[in-house]
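Only one structure is covered here, and it is reproduced in the block below.
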């Protein structure tokens, strides 16, 4: 089984100075594949301001900087990629906006059909979830670990598990075949702090490798 990796998602609200410190602290704690800037109730100028400040912090650690929902803003920021949901821009529109060398990930909820459509179109990864309850957003779709097992058997496109993931509940998703675990509060609100949370996730991934 390939080693799983961490896919960090920013908190719903960001105070730039304090979060810049928390982000650097988290990324110093161990391996992460990506950081997604996910800001829902913020105007475009603020997304661009925060993105421009956080992108170099992320990239200095060799980590991909991903923008949620908005290919247009991802292109303006020259981000490493974009993640689009089923109600956001289409995969094709995102790919056109960013070009062929950027990462485009697509939400598939709990649907192998949606995942296969995205994979066949060329998505770099598909995201399944929510697997657990989360305060970050109110899930409208729930997924079971079985979908990760099936996806690992039928597809080569990497998959991301998302939704309420913490150190305590991550293992079943890794065992089921998640390539990446998307984590927000499970890192930023970890009682020992972001650096320790990232280190703990990486220790778990190492432990579960077979």
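Report yes if residue 36 is touching a strand residue (DSSP E or B) at 6+ places or on another chain (Cβ under 6 Å) and either over 22 Å from residue 185 (Cβ atoms) or free of Cβ contacts under 8 Å to residues at least 12 places away in the same chain (or both), otherwise no. Let's see the steps before the verdict.
Values: touching a strand residue (DSSP E or B) at 6+ places or on another chain (Cβ under 6 Å): yes; either over 22 Å from residue 185 (Cβ atoms) or free of Cβ contacts under 8 Å to residues at least 12 places away in the same chain (or both): no.
It is false that residue 36 is touching a strand residue (DSSP E or B) at 6+ places or on another chain (Cβ under 6 Å) and either over 22 Å from residue 185 (Cβ atoms) or free of Cβ contacts under 8 Å to residues at least 12 places away in the same chain (or both).
Do we find a residue being part of a loop (DSSP other than H, G, I, E, B), without any contact (Cβ under 8 Å) to a residue 60 or more places away in the chain, under 18 Å from residue 82 (Cβ atoms) and in contact with a helix residue (DSSP H, G or I) (Cβ under 9 Å, 6 or more places away or on another chain) anywhere in the stretch 95-110?
In the first step, residues of the stretch 95-110 are kept if they are part of a loop (DSSP other than H, G, I, E, B); the result is 99-102, 110.
From what is left, the residues that are without any contact (Cβ under 8 Å) to a residue 60 or more places away in the chain are 99-102, 110.
Imposing the further condition that a residue be under 18 Å from residue 82 (Cβ atoms) reduces the set to 99-102.
Now drop any that are not in contact with a helix residue (DSSP H, G or I) (Cβ under 9 Å, 6 or more places away or on another chain), which leaves 99, 102.
Within the stretch 95-110, one or more residues are part of a loop (DSSP other than H, G, I, E, B), without any contact (Cβ under 8 Å) to a residue 60 or more places away in the chain, under 18 Å from residue 82 (Cβ atoms) and in contact with a helix residue (DSSP H, G or I) (Cβ under 9 Å, 6 or more places away or on another chain).
Quick one: is residue 105 on the phi > 0 side of the Ramachandran plot and at pLDDT 95 or above? Lay out the reasoning, then the answer.
Working: on the phi > 0 side of the Ramachandran plot: no; at pLDDT 95 or above: yes.
No; evaluated as a whole, the condition is false for this residue.
Determine, yes or no, whether residue 120 is loosely packed, with under 14 Cβ neighbours inside 10 Å and outside any helix (DSSP H, G or I). Explain how you work it out, then say what you get.
On the way: loosely packed, with under 14 Cβ neighbours inside 10 Å: yes; outside any helix (DSSP H, G or I): no.
So residue 120 does not fit the description; no.
Since residue 17 meets every condition but one in (1) surrounded by fewer than 19 Cβ atoms within 10 Å (Cβ to Cβ); (2) touching a residue at least 12 places away in the same chain (Cβ under 8 Å), which condition does it not meet?
Every listed condition holds for residue 17 apart from (2).
The values are calculated or read from the model by the stated rules, or taken from the named source; none is laboratory data. All values derive from a computational prediction rather than experimental measurement. Cβ atoms come from the backbone with ideal geometry, glycine included; neighbour counts cover every protein chain shown.
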